[in-house]
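The values are calculated or read from the model by the stated rules, or taken from the named source; none is laboratory data. Remember, predicted model here, so these are calculated numbers, not experimental data. Note: ideal-geometry Cβ built from the backbone for every residue, glycine included; neighbour counts use all protein chains shown.
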Amino acid sequence: MKIVILDGYTENPGDLSWEAFERLGELALYDRTPVKDKKEIESRIGDAEIVITNKTPLTREIIEACPRIRYIGALSTGYNVIDIEAAKERGIPVSNIPAYGTDAVAQFTFALLLDICHHAAHHSRAVYEGRWSACPDFCFWDYPLMELAGKTMGIVGFGRIGQAVGRLANAFGMKVLAYAPHKRPELETESCHYVELSELLAKSDIVSLHCPLFPATEGMINKESIAKMKDGAILLNTGRGPLIVEQDLADALNSGKLYAAGLDVVSVEPIQEDNPLLKAKNCLITPHIAWASKESRQRLMDTAAGNLKAFLAGKPENVVNP
């Protein structure tokens, strides 16, 4: 059984082990594969029966050019780089990783928010630069400091991650407003309620995006929806970059309509030099790392190997193209 992993580096830059895959077959491992080089992708797949990918595209053309493929595994929750219909027509199951990063992403959402509230690293640098020593007072700060208790967090998308963020918000003494197409009334509490999106935008001090990227959600945060938000609100996005029209967000930050944004994702990744958010006021951007704690990546590794074991046993799991 030949197994090829096309782009394993972001999942495992060296602190985890591929041993679980090595036990299942003859493994060819690539840190990265040129995503635009179709011939190179086909060459690396070769006669492999098992193909594991993260962001390397597996188009219909590539799938049809590699007739020995029997199984495709995604090293991610998202699988938009894989033509799942072409795979289904060939009888190839495609499995993803549905729930490995819930706690990591929820925690990182609050890392962004707490940095906006306190700028702890900035103030630490100021200490080492001598600014505290030179201060005539016993303390100083040069950003506004903000408490979360009593504020309202609006969570757009109330799946596993959204719910985990809601629990953390409640622990900080915040009220939660949730928006989701399909409501689960059993999740409502005295401090957590479902509302329509327009009400969530109007009443939330912080809006956090945790919904999938679909045609209906692409660009959902734009100048019209931003206009419905509170003046001085905070926007967080650890979901998908294209949920936001980035020029509209930059304009809202620069005008002061929104106080701040904390973003772990952007529309084109890695970020492009002409992205307007790079010059926007009070915009915190991190390089798509909310998912990437070692513990989270280990869960991903374990699930990916488990998916392959289940396929080899004739009972594939987490199949997205049944």
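Taking the stated definitions as given, is Ala87 over 20 Å from the mean Cα position of the chain (by Cα), modelled with pLDDT of 95 or more, of a type in the set (A, V, I, L, M) and not assigned by TED's automatic domain parsing to the domain that holds Leu168? Can you show your working first?
Values: over 20 Å from the mean Cα position of the chain (by Cα): yes; modelled with pLDDT of 95 or more: yes; of a type in the set (A, V, I, L, M): yes; not assigned by TED's automatic domain parsing to the domain that holds Leu168: yes.
Considered against the rule, which asks whether it is over 20 Å from the mean Cα position of the chain (by Cα), modelled with pLDDT of 95 or more, of a type in the set (A, V, I, L, M) and not assigned by TED's automatic domain parsing to the domain that holds Leu168, Ala87 comes out as yes.
What number of residues within the range 281-305 are surrounded by 15 or more Cβ atoms within 10 Å (Cβ to Cβ) and part of a helix (DSSP H, G or I)?
Of the residues in the range 281-305, 9 are surrounded by 15 or more Cβ atoms within 10 Å (Cβ to Cβ) and part of a helix (DSSP H, G or I).
So Asp274 fits all but one of (1) surrounded by 15 or more Cβ atoms within 10 Å (Cβ to Cβ); (2) assigned to a loop (DSSP other than H, G, I, E, B); what number is the exception?
Only one criterion is unmet by Asp274, namely (1).
Among the residues of the range 206-245, what is the count of those that are outside any strand (DSSP E or B), under 19 Å from Thr102 (Cα atoms) and β-branched (Val, Ile, Thr)?
Total meeting the criteria: 1.
All but one of (1) within 16 Å of Leu75 (Cβ to Cβ); (2) among the basic types (Lys, Arg); (3) over 17 Å from the mean Cα position of the chain (by Cα) hold for Lys281; which doesn't?
With respect to (1) within 16 Å of Leu75 (Cβ to Cβ); (2) among the basic types (Lys, Arg); (3) over 17 Å from the mean Cα position of the chain (by Cα), Lys281 is out only on (1).
For the range 306-321, name all the residues that are buried (at least 19 other Cβ atoms within 10 Å of the Cβ) and among the aliphatic types (A, V, I, L, M).
Hit for the range 306-321 is Leu308, nothing else.
Does the range 23-82 hold any residues that are in a strand (DSSP E or B) and over 19 Å from Pro316 (Cβ atoms), and which are they?
Let us first name the residues in the range 23-82 that are in a strand (DSSP E or B), namely 26-29, 50-53, 58, 71-74, 82.
Matches in the range 23-82: Glu26, Leu27, Ala28, Leu29.
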